[in-house]
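Scroll down for the structure; my scribbles are underneath it.
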Amino acid sequence: MERSFFECAWDVVRQVPAGRVASYGQVARLMGAPRCARQVGYAMHGSPSMAGGVPCHRVVFSDGSLAPGFAFGGPDEQRRMLEAEGVRFRADGRVDMARSQWEA
């Protein structure tokens, strides 16, 4: 049985370790679909969340910005979850991608 795009995206995101983040585009590239970052966003919005083993809070924009409509409580909750894992933020509120981006 062929896996759906969403399932493939969730599989990649499950590999992002605590204390690290991946960008939507990075997840798309790792899936072999480099022009599908927006669809990765849809997959994160529709994910089963941490209860389903998908740490979608670890996916951010390539500039380190958080999604304004984070599906599980808004950007403040996403930031709280990331900080609890040790993810560093810059003074402008974006994730410090140089320190925190996952290198798959």
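Return the residue satisfying two criteria in turn: it lies in segment 51-104 and is charged (D, E, K, R) and in a helix (DSSP H, G or I), and of such residues it is nearest to Arg14 (Cα to Cα). First the steps, then the outcome.
Filtering segment 51-104 down to residues charged (D, E, K, R) leaves 58, 63, 76-77, 79-80, 83, 85, 88, 90, 92, 94, 96, 99, 103.
Those left that are additionally in a helix (DSSP H, G or I): 58, 76-77, 79-80, 83, 99.
Working: Arg58: 9, Asp76: 22, Glu77: 19, Arg79: 18, Arg80: 19, Glu83: 18, Arg99: 20 Å.
If we take residues in segment 51-104 being charged (D, E, K, R) and in a helix (DSSP H, G or I), then Arg58 is nearest to Arg14 (Cα to Cα).
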Number of the condition not met by Phe6 [criteria: (1) surrounded by 15 or more Cβ atoms within 10 Å (Cβ to Cβ); (2) touching a Gly at 6+ places or on another chain (Cβ under 7 Å); (3) closer than 23 Å to Arg88 by Cβ]: (3)
Please indicate, with yes or no, whether at least one residue in segment 59-66 is of a type in the set (Asp, Glu) and within 18 Å of Ala98 (Cβ to Cβ). yes
Out of all the residues in segment 28-50, which are out of contact with any strand residue (DSSP E or B) (no Cβ under 6 Å at 6 or more places or on another chain), surrounded by 15 or more Cβ atoms within 10 Å (Cβ to Cβ), without any contact (Cβ under 8 Å) to a residue 40 or more places away in the chain and part of a helix (DSSP H, G or I)? Ala28, Arg29, Met31, Ala37, Gln39, Val40, Gly41, Ala43
Of (1) of a type in the set (D, E, K, R); (2) at pLDDT 95 or above; (3) under 24 Å from Phe6 (Cβ atoms), Glu77 satisfies every one except (2)
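Return yes or no: is Val54 in contact with a strand residue (DSSP E or B) (Cβ under 7 Å, 6 or more places away or on another chain) and either closer than 21 Å to Ala104 by Cβ or among the hydroxyl-bearing types (Ser, Thr, Tyr) (or both)?
So Val54 fails the test.
The values are calculated or read from the model by the stated rules, or taken from the named source; none is laboratory data. Fair warning: this is a prediction, and the values are worked out from it, not measured in the lab. When we count neighbours, we look across all protein chains shown, and the Cβ atoms used for this are built from the backbone with ideal geometry, even at glycine.
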